[in-house]
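Please read the structure below before turning to the comments.
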Amino acid sequence: VQLQAFGGGLVQAGGSLRVSCAASGSIFSINVLGWYRQAPGKQRELVAYISSGGNTVYADSVKGRFTISRDNANNTVYLQMNSLKPEDTAVYYCNLRQRRYDEYWGQGTLVTVSS
């Protein structure tokens, strides 16, 4: 399984950005796709995840600003980020979990929010 992330970049505070991640390989129909982020000097943290059935979970810090969605036909997950803040600056990693113990990570994409 491979995860390829796209769409990071530099944006001003208050702006919007969308990142996407395409999964390929042996993907089971029941899975969870998610986004995590890691800021400099901090631990990696959950941003949001979405199940193959469409159930979503968000970190409190992004609720109301970020929206996660997925395209099951193309095994792609999206993260629409609005009202971005400088504290959202981080490397964003996509994540796939399937079966009981399978877990995969993408290479990360840098999102920088300037004040």
Using the Karplus curve 6.51 cos²θ - 1.76 cosθ + 1.60 with θ = phi - 60°, what ³J(HN,Hα) values do you get for each residue of the stretch 12-18, in whole Hz, with x for Gly and Pro? 7, 3, x, x, 10, 7, 10
With an 8 Å Cα cut-off and a minimum separation of 6 or more residues, compute the relative contact order for the chain in percent. 36 percent
Separation in nanometres of the label points that stand 7 Å from Cα toward Cβ, at residue 82 and residue 4: 3.0 nm
Plugging the Cβ-Cβ distance of residue 12 and residue 46 into 1/(1 + (r/R0)^6) at R0 = 22 Å yields, to the nearest 0.05, a FRET efficiency of 0.30
For the stretch 37-42, take each phi angle, set θ = phi - 60°, evaluate the Karplus expression 6.51 cos²θ - 1.76 cosθ + 1.60, and give the result in whole Hz per residue in order, putting x for glycine and proline. 9, 9, 8, x, x, 10
Sites matching chymotrypsin sites (Phe, Trp or Tyr not before Pro) across the stretch 41-111 that sit in DSSP coil, with at most 11 neighbouring C-beta atoms within 10 Å: 101
A correct Karplus calculation of ³J(HN,Hα) over the stretch 46-53, with 6.51 cos²θ - 1.76 cosθ + 1.60, θ = phi - 60°, whole Hz and x for Gly and Pro, returns 5, 9, 6, 9, 9, 7, 5, x
quick shape note, the chain: Cα extents on principal axes in Å, largest first -> 41, 25, 21
Highest average packing first - 68-76, 33-41, Cβ atoms within 10 Å: 33-41, 68-76
Can you compute the FRET efficiency between residue 114 and residue 22 using 1/(1 + (r/R0)^6), with r the Cβ-Cβ distance and R0 = 25 Å? Round to the nearest 0.05. 0.35
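The numbers here are math on the coordinates, done by the rules we state, and not lab data. Here the structure is a predicted model, which is why all the values come from computation and not from measurement. Note that we place each Cβ from the backbone using ideal geometry, even for glycine, and neighbour counts take in every protein chain shown.
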